[in-house]
Every structure is written in C-alpha cells, then in structure tokens.
1. Being assigned to a helix (DSSP H, G or I) and either open to solvent by less than 30 Å² (accessible area, probe 1.4 Å) or under 13 Å from B:Ala17 (Cα atoms) (or both) is the filter here, so list the residues in segment B:135-147 that pass it.
2. Kindly establish whether A:Tyr293 is within 21 Å of A:Phe177 (Cβ to Cβ), among the aromatic types (Phe, Trp, Tyr) and under 14 Å from the mean Cα position of the chain (by Cα).
3. When the residues of segment B:235-250 are narrowed to those that are at negative phi and surrounded by fewer than 22 Cβ atoms within 10 Å (Cβ to Cβ), which ends up farthest from the other protein chains (Cβ to nearest Cβ)?
4. Test each condition in (1) at the interface with chain B (Cβ under 10 Å from one of its Cβ atoms); (2) under 30 Å from A:Arg276 (Cα atoms); (3) touching a residue at least 24 places away in the same chain (Cβ under 8 Å); (4) buried (at least 22 other Cβ atoms within 10 Å of the Cβ) for A:Thr164 and report the one that comes out false.
5. Out of all the residues in segment A:42-61, is one or more on the phi < 0 side of the Ramachandran plot, open to solvent by less than 40 Å² (accessible area, probe 1.4 Å) and more than 14 Å from chain B (Cβ to nearest Cβ)?
6. For segment A:75-94, enumerate the residues that are charged (D, E, K, R) and surrounded by 18 or more Cβ atoms within 10 Å (Cβ to Cβ).
7. Take A:Asp226 and tell me if it is among the charged types (D, E, K, R), touching a residue at least 60 places away in the same chain (Cβ under 8 Å) and either at positive phi or touching a helix residue (DSSP H, G or I) at 6+ places or on another chain (Cβ under 9 Å) (or both).
8. Has segment B:191-204 got any residue that is among the charged types (D, E, K, R), more than 14 Å from chain A (Cβ to nearest Cβ), closer than 30 Å to B:His15 by Cα and in a helix (DSSP H, G or I)?
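The values are calculated or read from the model by the stated rules, or taken from the named source; none is laboratory data. Just so we're clear, the structure is a prediction, and the values are computed from it rather than from any experiment. Neighbour counts are summed over all protein chains in view; Cβ atoms, including those assigned to glycine, are modelled from backbone coordinates with ideal geometry. Calculation scope for accessible area: heavy atoms of the full protein, side chains included, ligands and nucleic acids excluded. Shrake-Rupley method; radii C 1.70, N 1.55, O 1.52, S 1.80 Å.
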2 protein chains.
Amino acid sequence: MHQAGIVTPVQDRLHFAAFDVTTTSRDDLISLLKEWTAAAALLTAGKDIGQYGAVNGPDEAPPKDTGEAVGLPPARLTLTIGFGPGLFDKRFGLAAKRPKALVDLPHFIADNLDPQRSGGDLAVQACSDDPQVAVHAIRNLARIGFGRVAVRYSQLGFGRTSSTSRAQSTPRNLFGFKDGTNNLKLEEADKLEQQLWVQSEDGPDWMVGGSYLVSRRIRMHIETWDRTSLGEQEAVIGRGKGTGAPLGKADEFDAIDFAAKNADGEPKVPTDSHVRLAHPQFNNGAELLRRGYNFVDGSDGLGRLDAGLFFLAYQRDPRKQFIPIQKQLSRDDKMNEYIEHVGSAVFACPPGVTPGSYWGEKLFS
Amino acid sequence: MHQAGIVTPVQDRLHFAAFDVTTTSRDDLISLLKEWTAAAALLTAGKDIGQYGAVNGPDEAPPKDTGEAVGLPPARLTLTIGFGPGLFDKRFGLAAKRPKALVDLPHFIADNLDPQRSGGDLAVQACSDDPQVAVHAIRNLARIGFGRVAVRYSQLGFGRTSSTSRAQSTPRNLFGFKDGTNNLKLEEADKLEQQLWVQSEDGPDWMVGGSYLVSRRIRMHIETWDRTSLGEQEAVIGRGKGTGAPLGKADEFDAIDFAAKNADGEPKVPTDSHVRLAHPQFNNGAELLRRGYNFVDGSDGLGRLDAGLFFLAYQRDPRKQFIPIQKQLSRDDKMNEYIEHVGSAVFACPPGVTPGSYWGEKLFS
C-alpha cells in the first residue's frame, strides 16, 4: 500500500511543511506519529479532528479543531509523511535503520540555499483542491505536535505544475510553458515499480513500497524571463510555448527527436535545452514522479515577484535519479540563467498506513 | 458604473499588488493607465493580452503574454484599480484633484506597520476563483508597467473571509470563526449608496460612483489563539464558534442583543468583544464592504505560521468609516491580544470604465 499523496492524481493546491523534532524522547516521537496518523484519517475524510465550537465540553478547554475548515469538503485532501536525515541521528536510536538511499544531497553548481528553507526532520505534504483545507490540515498537525515538533518552514503552492495521470491535461508553470508532459504517469504500473517504489531488494524493510521525496524551492526570475525572446525561451525549454510540442514537432506528446537538425546543421532540440538534459535517454533511463507547484510569495523588496516552482519529486533512489539528473542540469542547463535553487530537502516516505497502524510504525518496530 | 471588483460577489482567491510610480511624466502615467485598461478588458474576458507562443511574429520578440493562464477560464477575474495619496504629490499636477476623503491614515494604537508592506501610489486588486489567473493578471500588468511602475509589495490570499452577497454562505477566517455575517451586502442598494459609493455631494467629480479602499495586513497569532479556551475565543468575537450566532442567540443571522445579560449581570455580548465594537450601532451607523482574504506566507523563522487576514474594505469616506471604527477597535478590542496590524494602505478607486475610456480618465481630464 502506497501513500495516497503520491498516487493520487495531483490536486490543485499545496501546503507543505517541514518540522524540526524538538523532543529527544523516542516515545514522544512515536506518540506524535500515532496522533498524527489518527488526525490524518479524520482530516482526509473531511471530518474535524474534534470539537471545534459546540459547547459539548468545558468552555475552559481550547477547541480541539481550529475550525476554519468546518463545512468545507475535503477536496481530495491527502497527507504524506516524510522522514528527513535528521531523524536518524543519535536521538531516537534509529541510526542503524537509515536507508542508504536517504543521502544528504550534494552541493550542486549555483545552489544558493537558504538553510531556513532547507532540510527538516519531518515533512508533511498536504495536497487538496482547496487551500483552506490544506492549510487547516498542516496547522492542526503542527498544533498537535506542539512541544514535540516546531515548523521549520512551510510553503503554499497553487496550479499544480505536473500531471501524474493521463486523465489530466498538462498545466503550465510560471515560465508559461506546459510542464510535466513526460512525467511518470500513475497508469504506467511497471515503470512505477522501476522508478518510483522502493523494492524489497533495495531495503530497508520498513521502506519497501515507499518512495523518496526531493523538494527544491526554485526561484524563477520571471521578470528577466519575460524580457527574453520567444525563440530563446523555446530553445531553453526545448519545446514550443504554444503547443508544448518538442521543437520540430507538431503535437505535445510527439516523441522528441534529438537527432533532427536545422538547415544550419544545429540540432532542432538544443543540446543545452532543459528537455534534453532532463530526458531519461541522457540520464541512464532515470525518471521522476514530479508533483510540483507554482508559488508567489509576495515580492522581494526589489520590485520583483518572489515567484517560482516548489519542485517535489518522488523516486526509488535519489542516488540514481535526482542527484545525477540535477548534477547534469546544474552544470549545463541553459535554464540556469533564469532560475535559482534556494531551498532543498530530502525525505524517506514510508509506505501507506494499514488499518490499526501508524505512520512509520515499521521504522520503530 | 462601478468597478466590477467591488460589486462582484467575492471570488475565492486574491492577488493584490501595490505599485510605486517610477516615472515622473504625466504622459507616461496616462499611457500606462490606458494600456492597463486595454489589458484588463482582455484578461477579464479570459483572453491573452497578445501572442504568447505561436510564432506569428518575429522569434526575436519576447511573447506579449507570459502564457501561464493559456487554456484557463477567467474564473470570474476582476481587476480593480486604486490611486494612493502619493499620486497626488507634485509629480503629476494632480494635487488639486486629491479627494479630501483620501486622507493619510492616522497611527492606531499597537500598529506595527512595515513600510515595505504599506502604502503605494497605485493598487490593483485581482480577484478570481483560480489563483493562477489572478497571478497571471498582476504579473502581466506589472510587466506592461516596466520602467513606469515597480511592484512595491504583493499579497496572495485564499478563502475569501467575507460574503458580499446574500447568495454566498459566510466563510471562516483563520480564527475558525464565520467572518462577515453582518457585512454590507450587494443586494442592499440603498445602504450601498449611503455607505459604499461616493455621491455627487461628496466630490470630487472624478470619484463620484467610486469608493475608497483601506487595506490592512493583519497578522494573526494563531498558535496563541489555538491555545485559548473556547469560552475566551467566543467572548473575544462575541459569537458562537460553531453556529456563528451572536452570544445568547441560536442562529447566525439573529440580531445581536447587546442589552441581554447573564445571570451574573454581565452582558452576554461583552463590551470589549469584536462584534460589539465594530457594530454600526456603536459607530454612528458606519459600515464597510469587506472583501478580505486569508493568507499564509510560510513561516516566520520562529516556528510560527506567518498567517492572518488581508483585510480589504471599501467605503464612501474613510474619515467617517474605517478611521473611527479602527480607532475604537485599536483601543478596546479584546482581539488585539491575538492580532497585529503589519501593513496598511488607502486608495481612491474611481468608478468603472465606460467603453472607450480608461482607468481614471476623469482624473486627468
């Protein structure tokens, strides 16, 4: 059983939160995960996590549910838990259980990471078609965790930038291009086993059926981009802006022809274009399931929108997928003139809970 | 004719931007407003503002439209323009046209305003049911204005916190309470003339049929609020959290009985409750048309969500409405223990454009 927030066709809105664990007690951590699991079951069913307003308890108690989602449908809410590298330090006796694939990401060229927007011992990805529902879920989990965890950073996102099902049309990112045409699709069961889900031969046991999440806060310099010619934009991406078709092709889903050349002998799809450098053909077949979201977090004090892509990618092994792909992109991708990676994290996302179980139970048993 | 962004039942999402005018040329400013008006007509009709991708012009030119809303319906997009006090300084020869009602807001007790999130020569309120559409609109207006205006600050909001039509149910703010039960409603035509629209006897001519906007970024200390008892929360607001009914009443829309007393002789609706202090009965009949939105802008570096209410209120005269109401609230409102005003601005919003006209044409004629 896989976590719903990975296998559900991408919802429209995101509230992502990374937490620092502030307790050093293993028992406290386990209790927290049990309480979170119980709350998540209620929240994703569209139920309040407890009394929020009607006076059926003493007035002296704070309401159990913060109340702002009362009356709203769950809008396909999913909650996905991830365990960061910090969870496997000395505090909780979990060092021996750290998956080999849960590596600290290396420094990539031009990384400009803000430590306050990077890392985290725990992550919760809340996706829903209603932002108020996603915010409500994260807020109430943070509240349950008070004294045991503290929010390290959080990120709202809108306008999913990827489709993860063939039934979804491909949305556009803030560069104005269709994003995710070649994304892994949930209908491709065999590929998902190869690329997305941890297999028994990978180990450790507690992660089999799970996946690894890499999150990157990618600032887009959209004002610069917007002053760039259409020809340059299309050369950077490797696709037409209108159709989303690979350069030299007519339809979005046409196969990319990397051998095709223009009259001047140059490849129609430039060698430093994003689609080429990110393509499995040039990455030993490695693919990712992307579930990213656009963000605009106001302005940056210089008259520019603080806007970009909150990149979320699930995979079987970051050492074979995100890391080599990003090494190549950070070195050669023409898009680097227009983007900046400002936040980064990696998490091990265990398989989904079975009835009576709790998030990560196998990790602690 | 009134601006659509005031009279349209509140949409679900907001992108609000305040601009500094960086040109000192009156002609440039007029050209900008003409271009914005033309673009707004296209955007609100769900059209791109020009070629975005198909190569029907030279590849060397940047696309006219940034493209991220291609294929999306307008989702009830409205764009509302406001003129801030700075527009009436010496630069543009408009000083004599400054409305008397467009006053600089006074300092209110406990105001903790960030100048970078306050003021602005121009404001555009983009409301839509799709945030990508609202973001696209602001971005393209900012882009059109390049060299003439710069974004001073911008704010995304979700989950409208007010209903402005009897056809809308009352949504909940991040305190978990229904917000806007007693808001002015668009169906109350007589009241709107009294409270919302500038009348000919008010002047100046160019503002007749317009309205004044006060925006306040109100940070809510939701973690503190969430640890507060239900009884205290309800006493602060003056309503039941579940029903939204005034304390001592059963239904949300029951009239508030300020004279009703508990057995101990204290008023059922406390004298320092928000509903009492904000009520027209205790404000010489003054009312506001509120169109606020919830916001969560990540975290504040102290493990707390940077969350709250982006308060937007339209009115006929801030001197008789927002200012006296807020003076009273800032002095006595029990809610002040849980909120902090961190941004503030005031704008004169002229009447809507007629065909062939442009935003604010009468101001310049």
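1. Those that are assigned to a helix (DSSP H, G or I) and either open to solvent by less than 30 Å² (accessible area, probe 1.4 Å) or under 13 Å from B:Ala17 (Cα atoms) (or both): B:Val135, B:His136, B:Ala137, B:Ile138, B:Arg139, B:Asn140, B:Leu141, B:Ala142, B:Arg143.
2. Numbers: within 21 Å of A:Phe177 (Cβ to Cβ): yes; among the aromatic types (Phe, Trp, Tyr): yes; under 14 Å from the mean Cα position of the chain (by Cα): yes.
Answer is yes for this residue.
3. Quick first cut of segment B:235-250, residues at negative phi only: B:235-237, B:239-243, B:245-247, B:249-250.
Pick out the ones that are also surrounded by fewer than 22 Cβ atoms within 10 Å (Cβ to Cβ) and you get B:235, B:242-243, B:245, B:247, B:249-250.
Working: B:Ala235: 9, B:Gly242: 3, B:Thr243: 7, B:Ala245: 10, B:Leu247: 11, B:Lys249: 14, B:Ala250: 12 Å.
In this case the residue turns out to be B:Lys249.
4. (1)
5. yes
6. Residue satisfying the conditions is A:Arg76 alone.
7. Criteria not met by A:Asp226.
8. yes
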